[in-house]
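The values are calculated or read from the model by the stated rules, or taken from the named source; none is laboratory data. No experiment lies behind these values; they were computed from the predicted model shown. Here the Cβ positions follow ideal geometry from the backbone for every residue, glycine too, while neighbour counts run over all protein chains shown. All accessible areas refer to the heavy atoms of the entire protein, side chains included, with ligands and DNA or RNA removed. Shrake-Rupley method; radii C 1.70, N 1.55, O 1.52, S 1.80 Å.
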Amino acid sequence: MVDMSNFIAPRSDQLNADDLLAGPLTITISKVRASEGTPEQPVEVHIEGSNKPYKPCKSMRRVMVSLWGADASQYVGRSMTLYRDPEVQFGGMKVGGIRIGEMSHIDKDAQLVLTASKTKRAPFVVKKMKAQVSREPVREEPAALTPKEAAEMIKQAGNVAELRAVFGEVYKHFPAYDDATRDALTDLKDAVKLDLTEAV
């Protein structure tokens, strides 16, 4: 008698289908290496932020090679969304298995024909992963002072300390000016220095 429970118990040393009962999981690959496990699981796909590698079945390895090429070193930094397919069978039983639903670094959705059983082949669709939207806040640059505004601020300065403060404010916006405006402000600053020297 073959006890099939030996073949469906979750393994703590790798990602398994039961880990995806709560829903799909998007992973980023940190490295790929040959496994020291069974011949049925010759490859370990290591995941950023997890110590449980994904060991793809032969069908999913064919998907990866078809869409990403044979050089596994190129997979590092790429992403996939994995999901649990309850229809996957082993030894005639539906035990569930991990399938790839989405992949980054593909131009469009892809349809492949994979072996479903010894006598049957079936289409399998992998979707192009949507780009993740950055959630970082947009940083607004301060509005650049016009040369006229800068000149007015300079005129209103009553002493050297105030002039230094004014030019400190003006030069916060210096990178936003075009070359002509930068030159004009530099000339203005130089002229003010000369005036100050003469006044002293």
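Of the residues making up the stretch 71-107, those that are assigned to a strand (DSSP E or B), open to solvent by 60 Å² or more (accessible area, probe 1.4 Å) and touching a helix residue (DSSP H, G or I) at 6+ places or on another chain (Cβ under 7 Å) are TYR83, ARG84, PHE90, MET93.
Taking the stretch 15-38, which residues are in a loop (DSSP other than H, G, I, E, B), surrounded by fewer than 18 Cβ atoms within 10 Å (Cβ to Cβ) and at pLDDT 85 or above?
Listed by number, the residues that qualify are LEU21, ALA22, GLY23, PRO24.
Taking the stated definitions as given, is SER79 out of contact with any Cys (no Cβ under 9 Å at 6 or more places or on another chain) and either of a type in the set (Asp, Glu) or within 17 Å of PRO123 (Cα to Cα) (or both)? Spelling it out, it is not the case that SER79 is out of contact with any Cys (no Cβ under 9 Å at 6 or more places or on another chain) and either of a type in the set (Asp, Glu) or within 17 Å of PRO123 (Cα to Cα) (or both). Residue count for the stretch 44-59, restricted to those that are within 24 Å of the chain's Cα centre (by Cα), under 19 Å from VAL95 (Cβ atoms) and part of a loop (DSSP other than H, G, I, E, B): 3. Applying the set (1) touching a Pro at 6+ places or on another chain (Cβ under 9 Å); (2) assigned to a strand (DSSP E or B); (3) not hydrophobic (A, V, I, L, M, F, W, C) to GLN41 leaves exactly one unmet item: (2). Residues that are within 20 Å of SER12 (Cα to Cα), in contact with a Leu (Cβ under 8 Å, 6 or more places away or on another chain) and of a type outside the set (S, T, N, Q) within the stretch 42-86 comprise ILE47, LYS52, PRO53, TYR54, LYS55, LEU82, TYR83, ARG84, listed in sequence order.
The combined condition, being open to solvent by 60 Å² or more (accessible area, probe 1.4 Å), part of a strand (DSSP E or B) and at pLDDT 90 or above, is not fulfilled by ARG62.
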